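The values are calculated or read from the model by the stated rules, or taken from the named source; none is laboratory data. Just so we're clear, the structure is a prediction, and the values are computed from it rather than from any experiment. Virtual Cβ from ideal backbone geometry, glycine too; neighbours counted across all protein chains shown. Please note that ligands, DNA and RNA were not included when accessible areas were found on the heavy atoms of the full protein model with its side chains. Shrake-Rupley method; radii C 1.70, N 1.55, O 1.52, S 1.80 Å.
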Amino acid sequence: MSVNESPAGRRPTATYDSPFLKACRREPVPHTPVWFMRQAGRSLPEYRKVREGIPMLESCMRPELVTEITLQPVRRHNVDAAIFFSDIVVPLKAIGLDLDIKPGVGPVVEQPVRTRADLARLRDLTPEDVSYVTEAIGLLTRELGPTPLIGFAGAPFTLASYLVEGGPSRTYENAKAMMYGDPELWADLLDRLSEITAAFLKVQIEAGASAVQLFDSWAGALAPADYRRSVMPASAKVFDAVAGYGVPRIHFGVGTGELLKLMGEAGADVVGVDWRVPLDEAARRVGPGKALQGNLDPTVLFATTEAVEAKTREVLDAAAGLEGHVFNLGHGVMPSTDPDALTRLVEYVHTHTAR
């Protein structure tokens, strides 16, 4: 099935001809579409106001709050797609794991997964476990109209790393020790996580998400041979599980310049690129048949408007020969970013690339 073709003969949705979905399908666009990772939150004062006093995971489970937060950057910045407000550990919390997102730290798992017996705690995810996601996406798609909503999930490797380490890590020594020292347990862990992740994405697509992004935030810690052998099969299983829906599938990681070709081969329609590799070089590494997403360095937004525009032109010039390009940052919006700088950036890309 072609990208975003409606399954079972259903007619294309209101978002089908949006610039974002056209770029994902590598079709001509009226302008280069723009959205930002972590655009829903953190840098916006209106986000901080509505989140005040509400823990992160709880905020992800309130449909009206999720709707408001997801819509805020669309209203303010005029971006070409919304990204569903959630967190990569939401499906793990939903199946009963004892974890929390601690301010200034990140996800912390009470009992790390270290043995085969621990796998029993990773039960299947059902739509009923995340009914608040279905409700929120229903509310959002009615509000968004022709603007696409991007669903997302954490990739099996990144989720496994959190589970095995018990929280954020710079070295991933426990996760890598399992990957190298007990490859069968590691493979079974990633396979279970691929099923949970696929189920989470299916809920979002069936509720109305027009595209999905798989965040493998920590995959850049891996050598290509290790990624191909020990990680890629699980990511491919996720992408295969949602292929029949026909929605664009985006694959993104940080520090993954050496993995770009493999990340495309895992099943993505669009490969996200961080700021370390120019898009023309990224296209050479990925190969034909894929759109690219990226890749302005998020810290550029702290410079003068003239500097931001100059660096943006460099990104757009590098993307000039691509089959499809979705403009984004090379990673998420930093919390102290001036929201007005993001608004100006969207306007600049739209104007500069108008066809």
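Some points to look at:
- Summed residue charge, Cβ within 11 Å of residue 97's Cβ, Lys/Arg positive, Asp/Glu negative: -1
- Lysines whose Cα lies under 21 Å from that of residue 202, excluding same-chain neighbours fewer than 8 positions away: 93, 237
- Top positive-direction residue, dipole computed over the chain with Cβ charges, set 246, 354, 187: 354
- Straight-line cross-link partners of residue 49 among the lysines, defined as a Cα under 23 Å from its Cα and at least 8 positions apart when in the same chain: 102.
- Here the simple spin-label model places points 7 Å from the Cα toward Cβ, and for residue 347 and residue 225 these points are separated by 5.3 nm.
- Top of 102, 261, 49 by mean-square fluctuation, Gaussian network on the chain, Cα under 10 Å: 49
- Normalised by residue number, the volume inside the convex hull of the Cα atoms of the chain is 122 Å³ per residue.
- Checking every one of the GluC sites (Glu not before Pro) in the stretch 9-62 against DSSP loop status and a limit of 16 other Cβ atoms within 10 Å picks out 52.
- Hull-based mean projected area of the stretch 205-355, where the convex hull spans the alpha carbons, in square nanometres: 9.7 nm²
- Distant-in-sequence amide H partners of residue 213 (H built 1.01 Å from N, under 5 Å): 151, 152, 153, 250
- Mean Cβ count within 10 Å, highest first, over the residues of peptides 157-164, 192-199, 296-303: 157-164, 192-199, 296-303
- The chain - share of DSSP beta bridges that are antiparallel (%, nearest 5): 15 percent
- Report note on the peptides 174-181, 28-35: ranked by the mean count of other C-beta atoms within 10 Å, highest first, their order is 28-35, 174-181.
- Here is the list for the stretch 305-355: GluC sites (Glu not before Pro) lying in DSSP coil, each with at most 15 other C-beta atoms within 10 angstrom of its C-beta, are 323.
- Projecting the Cα positions of 304, 339, 319 onto the charge dipole of the stretch 262-344 (unit charges on Cβ atoms of Lys, Arg, Asp and Glu, taken about the Cα centre) puts 319 furthest along the positive direction.
- The chain - percent of accessible surface contributed by carbon and sulfur, probe 1.4 Å: 51 percent
- Surface accessible to a 1.4 Å probe, per residue, for the residues of the stretch 103-223, Å²: 40 Å²
- Dividing the C-alpha radius of gyration of the stretch 207-294 by 2.2 N^0.38 Å, with N its residue count, gives 1.01.
- The chain - mean residue ellipticity at 222 nm from DSSP helices (-39,500 (n - 2.57) per run, n ≥ 4, rounded to 500): -13000 deg cm²/dmol
- Compared with the direct C-alpha span, the chain from residue 117 to residue 46 gains 21.1 nm at full extension, assuming 0.36 nm per residue.
- Reach of residue 290 by Cα under 12 Å, taken over aspartates and glutamates that are not fewer than 8 positions away in the same chain: 27, 265, 269, 323
- The simple spin-label model puts a point 7 Å past each Cα toward its Cβ; for residue 142 and residue 173 those points are separated by 5.3 nm.
- Seen through its C-alpha gyration tensor, with square-root eigenvalues sorted a ≥ b ≥ c, the stretch 7-132 comes out oblate because a/c lies at 1.5 or above while a/b is not bigger than b/c.
- Size of charge dipole - the stretch 83-242 - debye, nearest 20, with Cβ of Lys, Arg +1 and Asp, Glu -1, no other charges: 280 debye
- Between the stretch 260-305 and the stretch 114-143, the Cα center-to-center distance that results, in Å: 29 Å
- Scattering profile of the stretch 91-239 at q = 0.16, 0.19 Å⁻¹ [log10 I(q)/I(0), Debye over alpha-carbon scatterers]: -0.88, -1.17
- Each Lys and Arg contributes +1 and each Asp and Glu -1, all at the Cβ; summed about the Cα centre of the chain, the dipole is approximately 320 debye.
- D (Stokes-Einstein, µm²/s), Kirkwood Cα radius, the stretch 57-118, 1.567 mPa s at 4 °C: 95 µm²/s
- In the chain, the longest principal axis of the Cα atoms and the axis of helix 339-352 are about 60 degrees apart.
- The packing ranking of peptides 208-217, 108-117, highest mean first, is 208-217, 108-117, where packing means the average number of other beta carbon atoms within 10 angstrom of each residue.
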